[in-house]
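Data block below; observations after.
Read-outs: derived from the displayed coordinates by stated rules, not from any lab. None of the values given here were measured: they were computed from a predicted structure. Cβ sites come from the backbone with ideal geometry, for glycine too, and all protein chains shown count toward neighbours.
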């Protein structure tokens, strides 16, 4: 089966399932979605560790995965039992402190006279930030009054940015590729398509949910900002993969690769969307 067909099947099956999960699974502040976020965070942390391990020193994988689970699971606990999501931030800070503390008493670090300790601390800290903490911004949206509408619009903006960029790129991008050296197959037309896809969702949302998204111009801006962050997220993962000299972060998703290959845009876009929508609409 060609990669194009695999990608289309993933788009046709996976995206509707996730949208249905969000729309009809609001019970306990989207408990099922929160569980999916926790699973995605742990899998993403595992793949991030694998990327770093190609040419950098890393702390024990079980430790980093456990801390990643701790940060994400704290967010799920807070949303499910109506605790302040500040505890999710506290969990992240605690995890960072634990990473440093572990290195102080690590037998391996002592034997190496702490020569690679800084690298291990940085790789573990970045893994938690990138793979877990960024995803907590989706969990933070689940407690909002219009949570299902907001999360669906967020996901559709990111998915349409990615999908329309890919479609424009393969159909009209052959003569304008290579502008971004880290991902030479990306084209100017593809980037333009990404913005078109995300902004189009914003325009549609302003007509479908006028009582929630009551400004067309602000939805256009929200779509632009979300697309910009999503594109940066895709390119950021390309930097890491190129540095590690691997093509895909994993192989668990047909036509996409690893979990990071599928959620790299979401990781960057979630905090940007969360912050932007509060400034633009104050919907929390």
Based on Cα coordinates alone, diagonalise the gyration tensor for the chain, multiply each eigenvalue by 5, take square roots, and list the semi-axes in whole Å, largest first. 31, 25, 16
Listed highest first by mean packing, meaning other Cβ atoms within 10 Å per residue, what order do 273-282, 258-267 come in? 258-267, 273-282
So, relative contact order of region 45-114 in percent, Cα under 8 Å, 6 or more apart, is 21
Under the definition of Cα pairs under 8 Å and six or more residues apart, what whole-number percent is the relative contact order of region 97-255? 17
Inverting the mean 1/r over all pairs of different Cα atoms, compute the Kirkwood radius of region 83-173 and quote it in Å. 16.5
Among 109-118, 181-190, what's the highest-first ranking by average C-beta atoms within 10 angstrom per residue? 181-190, 109-118
With a 10 Å radius around each residue's Cβ, average the other Cβ atoms per peptide and rank 152-163, 135-146, highest first. 152-163, 135-146
What length, rounded to one decimal in nm, is gained on full extension from residue 32 through to residue 251, with 0.36 nm per residue of separation minus their alpha-carbon distance? 76.4 nm
Percent RCO, i.e. relative contact order, over the chain, from Cα pairs under 8 Å lying at least 6 residues apart: 21
